[in-house]
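One structure is given here, and the rest of the page talks about it.
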Amino acid sequence: MTQMIINGKQVDAVNKATLDVWSPTDGTVFTTIPRGQEADVDLAVTAARQALNGAWGKLTAMDRGRLLTRLSESILEHKEELAQLESKDTGKPLSTSRVDITVLARYFEFYGGAADKVHGETIPFQTDYAVQVIREPLGVTAHIIPWNYPAQMFGRSVAPALAMGNASVVKPAEDACLSIVRVAELALEVGFPPGALNVVTGLGEEAGASLSKHHDINFVTFTGSNEVGVLIQQAAALNAVKCVLELGGKSAHIVFNDANFKLAIPAIVKGIVHNTGQTCTAGSRLLVQEDIYSDFVSELALEFSKVRAGTPEMDLTCGPVVNKAQFDRVNRYIKKGLADGLKVVAEGSIADGVPKGGYFVKPTLFSSPNHDSDLLTQEIFGPVLVALPFKDEADAIRLSNATDYGLLGAVWTENGGRQQRVARGMKCGQVYINGFGAGGGVELPFGGVKKSGHGREKGFVALEEMSTTKTIVQYYGE
Ligand code: ADP
């Protein structure tokens, strides 16, 4: 039985309610979590406010940075324990979880180092005036986290908020929250004052909705589905607080006829099957120039058919998808692809011996004659890639932009001018040239355009998003 972290203590829900947690690997219940609701959210927000007015708010930027750095070190010391929890909760292959925990530690390392390097400015103004622009925390920040990369998303969202001196309340996903609760416990162990970091577990429509509309939060950040993102933005609007949204994508690879196949093929396969396709930045559309289409797709099919799904301990390329709803959704899209006349050109396999009740889906590579199918515009969130041919540069850019989303893109060509033209023509927040980074490193600004959301995370820009400026105007004449 897991507990929440509120005001520096491990607690149950006020009304003692709990939720079952299901294993994606075998479909059984393996633990319970508190079903936090409005009263629990209220306690957490109050604790965060008190922390801002108390010990946490009084720390220097240097000391905050040191705490974040210590937490990063503690995460690495507990790497195996956290990776096991993450795999149990999400079904990820163990080596994927180990990488995710390393990235989580890296977030706290990066933002720990950055905490005391955010400077203000002075502005020349009228005679005998001094003007300073200083950066201040926003206050209580609310973080609603998805289940696909619980540990990484927690680090991405919370580390810059804490570095800037905010106090945070986190609502992890009901499907996968165990690693996040454990990291909040580690934060207390390394010396974070009570209330600086609170975690309320529970359902989205209960704890999540209560948090996003709480009258005493100053900021809300959300990563997840488009439908819920719109609800979060509505709640933020009614509360007059700022929100940052990251709402998924339908990212395209564009492969020109001069592309380096050896570089492109493994990256394209990994870009869709990593994390069993449950990645906002998955490269889920493949646009290939028509004169190499059949050669390229045939070579890709060979690589794609090597993909295998298994349990975390088997440690293959993919795990199961996270839950029954996701399992049904991916299979529904595969059926829809067949009904739309798309051709299956390769399939991965599910390893022998996986438990019967597990949510394993067959990785599938489709070829499509045109851009008409829903599989080319809607986010599937599973290991399903659709390839289609294009004629020329203009056609490629047009097709890549033919979705409501705009998160990532990739262009594969040796032609330097074309690399720049296409990268600038793609309507999205990050573009890779001859590579694919699924959101990239901790240092790189990240976020979407169009229906993929707004606001930026990662890198130094996150420190700006999670703080505000104050302009101090001083007359010093006599
Ligand atoms: P998915 O549909 O992929 O499960 P969601 O967007 O529903 O993703 O979930 C992402 C996060 O948003 C989770 O932490 C979930 O609990 C939370 N959530 C879901 N519904 C709401 C809501 N109405 N208000 C606030 N948070 C929500």
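The values are calculated or read from the model by the stated rules, or taken from the named source; none is laboratory data. Small disclaimer: the values here were computed from a predicted structure and weren't measured. FYI the Cβ positions are ideal-geometry reconstructions off the backbone, even for glycines, and counts take in every protein chain you see. Calculation scope for accessible area: heavy atoms of the full protein, side chains included, ligands and nucleic acids excluded. Shrake-Rupley method; radii C 1.70, N 1.55, O 1.52, S 1.80 Å.
May I ask you to work out the translational diffusion coefficient for region 8-60 at 10 °C, viscosity 1.306 mPa s, via Stokes-Einstein with Rh from the Kirkwood sum over Cα pairs, reported in whole µm²/s? Mind dumping the intermediate values first?
Numbers: Rh = 13.3 Å.
In µm²/s, the coefficient rounds to 119.
Put HIS454, HIS253, HIS214 in order of accessible area, highest first, and with a 1.4 Å probe you get HIS454, HIS214, HIS253.
Working from Cα pairs under 8 Å separated by at least six residues, relative contact order for region 252-440 is 30 percent.
Taking all Cα pairs closer than 8 Å and separated by 6 or more residues, the relative contact order of the chain comes to 18 percent. The loop-placed GluC sites (Glu not before Pro) in region 298-352, going by DSSP, that have at most 16 neighbouring Cβ atoms within 10 Å of their Cβ come out as GLU313.
Contour minus end-to-end for THR468 and ASP128, with contour as 0.36 nm per residue of separation and end-to-end as the Cα-Cα distance?
Details: separation 340, 0.36 × 340 = 122.40 nm, distance 2.60 nm.
Gain on extension, THR468 to ASP128, equals 119.8 nm.
With every protein chain in place and a 1.4 angstrom probe, the accessible-area ranking of VAL140, VAL190, largest first, reads VAL190, VAL140. Taking the C-alpha atoms only, the angle from helix 324-339 to the longest principal axis of the chain is near 30 degrees.
Given 25 °C and 0.890 mPa s, how large is the Stokes-Einstein diffusion coefficient of region 252-440 in µm²/s, with Rh as the Kirkwood radius over Cα pairs?
Numbers: Rh = 16.5 Å.
It comes out at roughly 149 µm²/s.
For region 411-478, the Stokes-Einstein estimate of translational diffusion at 25 °C and a viscosity of 0.890 mPa s comes to 165 µm²/s, using the Kirkwood hydrodynamic radius over alpha-carbon pairs. Over region 332-388, Cα pairs under 8 Å with separation of 6+ residues give a relative contact order of 38 percent.
Looking at region 221-277 from every direction and averaging, what is the projected area of its Cα convex hull in nm²?
Details: hull surface 21.8 nm².
Projected area, direction-averaged: 5.5 nm².
Give me the angle, in degrees from 0 to 90, between the Cα long axis of helix 79-90 and the longest principal axis of the Cα atoms of the chain, rounded to the nearest 10. It works out to around 60 degrees. For a paramagnetic label modelled on ASN370 (point 7 Å from Cα along Cα→Cβ), amide N atoms under 19 Å away belong, within region 271-287, to 286-287.
When only alpha carbons of region 121-200 are considered, Rg and Dmax amount to 17.3, 60 Å. Heads up, I need the accessible area for HIS78: 1.4 angstrom probe, whole protein in place, Å², nearest 10. Estimated to the nearest 10 Å², HIS78 gives 40 Å².
Remark: region 26-90 is approximated by an ellipsoid whose semi-axes, taken from the C-alpha gyration tensor as √(5λ), come to 30, 23, 5 Å, largest first. To the nearest 10 degrees, how steep is helix 38-53 against the longest Cα principal axis of the chain, on a 0 to 90 scale? For helix 38-53, the angle is close to 60 degrees. Taking every protein chain into account, the 1.4 Å probe leaves GLU38 with about 130 Å² of accessible area, to the nearest ten. Dimensions of region 343-445 along the principal axes, based on C-alpha atoms and rounded to the nearest Å, stand at 51, 38, 27, largest first. Normalised Debye scattering of the chain at q = 0.08 Å⁻¹ gives log10 I(q)/I(0) of -0.49, counting only Cα atoms as equal scatterers and leaving out solvent. Counting only protein heavy atoms and using a 1.4 Å probe, the accessible area of SER349 comes to about 40 Å². Overall size of region 371-416 from C-alpha positions, given as principal axis extents largest first: 32, 19, 18 Å.
Averaged per residue, the chain has 40 square angstrom of accessible surface, using a 1.4 angstrom probe with ligands and nucleic acids left out. The listed residues ARG308, ARG285, once ranked by accessible area (1.4 Å probe) with the largest placed first, stand as ARG308, ARG285. List every residue whose amide H lies under 5 Å from the amide H of VAL244, counting only residues 5 or more places away in sequence or on a different chain, with H placed 1.01 Å from N in the peptide plane. Close amide H contacts, sequence-distant or interchain: VAL220, THR221, PHE222.
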